[in-house]
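I have placed the structure first, in the form of structure tokens, so that the comments after it can refer back to it.
The values are calculated or read from the model by the stated rules, or taken from the named source; none is laboratory data. In this text the structure is predicted, and so the values were computed from the model without any measurement. When we count neighbours, we look across all protein chains shown, and the Cβ atoms used for this are built from the backbone with ideal geometry, even at glycine.
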Amino acid sequence: MEKGQLLYQGKAKELFQTEQPDLIWVEYLNQATALNGAKKDQIKGKGELNNQITSLIFQRLDEKGIRSHFVEQISETEQIIQAVDIIPLEVVVRNIAAGSFSKRLAIPEGTPVKFPIVEFYFKNDELDDPMIIEDHIKVLDIATDEEITTLKTMALAVDEVLSELFDEIGILLVDFKLEFGRTRDGSILLADEISPDTCRLWDKATNEHLDKDIYRRDLGDLIPVYQEVLNRLKGE
Ligand code: TMP
């Protein structure tokens, strides 16, 4: 397969055309950002860790019947994915209170929530990705009622599979963010990445952060922590 023209320059990934219109070449970058891009750094090794972690997770989800855009990992930092139109929503699932949920509702971090919560945020840099409700999603024609139901069902299915996967390796899946896309025939696929950049992962024994909060909160070097997550996923 040939790497063609740059299609999209993201904060953490670049997407390139291939000679097959339905397949995209993704390169994971070493860039870390937080606060909607206001904090930005190059962190050597981050791209390959997130590529490997995401690839393993999408493979595991596929085995459990959850379809994503993932096709194959082709190098340390690269994947081939199926082309989709990204739905401009961040779908967040929460099992334990943390981050913006704790802040917004004054619920101490670490408090278990009664049942997994699904939240929607509008992917819009100018507006700073505001939380939106289902009626907003419909009024703005971002997704239909039926699609919203599919997004919630898929997000909760991912939560079930990943909570179990991480539990097996001594990690608490606190919360995470998903993105979805539409294929040409209109079906919805899980898309983007699932990595310590997009999940809150706490060590079950020590409650230590094994995720991007290390970077967001200036708690130290994130590379050994992401490596630890990868090692555990690989059973090493
Ligand atoms: P939050 O507590 O800041 O709303 O984040 C919830 C989860 O979503 C957390 O695991 C981090 C992830 N997330 C992203 O991956 N990208 C984002 O832009 C935001 C705001 C959160």
Would you check if Ala38 is out of contact with any Gly (no Cβ under 9 Å at 6 or more places or on another chain), without any contact (Cβ under 8 Å) to a residue 12 or more places away in the chain and closer than 30 Å to Asp128 by Cβ?
yes
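Across region 16-35, which residue is surrounded by the fewest Cβ atoms within 10 Å (Cβ to Cβ) among those that are more than 20 Å from Leu222 (Cα to Cα) and free of Cβ contacts under 8 Å to residues at least 60 places away in the same chain?
The selected residue is Glu19.
Just to be sure before I move on: is Val118 of a type in the set (A, V, I, L, M, F, W, C), at pLDDT 95 or above, assigned to a strand (DSSP E or B) and under 30 Å from Gly235 (Cβ atoms) in the structure I sent?
Taking the combined requirement at face value, the residue does not satisfy it.
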First in region 182-210 and on the phi > 0 side of the Ramachandran plot, second anywhere and within 16 Å of the ligand (Cβ to nearest atom), Cβ under 7 Å, 6 or more apart:
Asp192/Glu179
All positions within region 34-55 that are within 18 Å of Glu179 (Cβ to Cβ) and in contact with a helix residue (DSSP H, G or I) (Cβ under 9 Å, 6 or more places away or on another chain)
Ala34, Asn36, Gly37, Asn50, Ile53
Might you let me know whether region 93-104 holds any residue that is in contact (Cβ under 8 Å) with a residue 12 or more places away in the chain, loosely packed, with under 15 Cβ neighbours inside 10 Å and not in a helix (DSSP H, G or I)?
no
Read through the list (1) more than 16 Å from the ligand (Cβ to nearest atom); (2) in a loop (DSSP other than H, G, I, E, B), then give the number of the only condition that Pro224 fails.
(2)
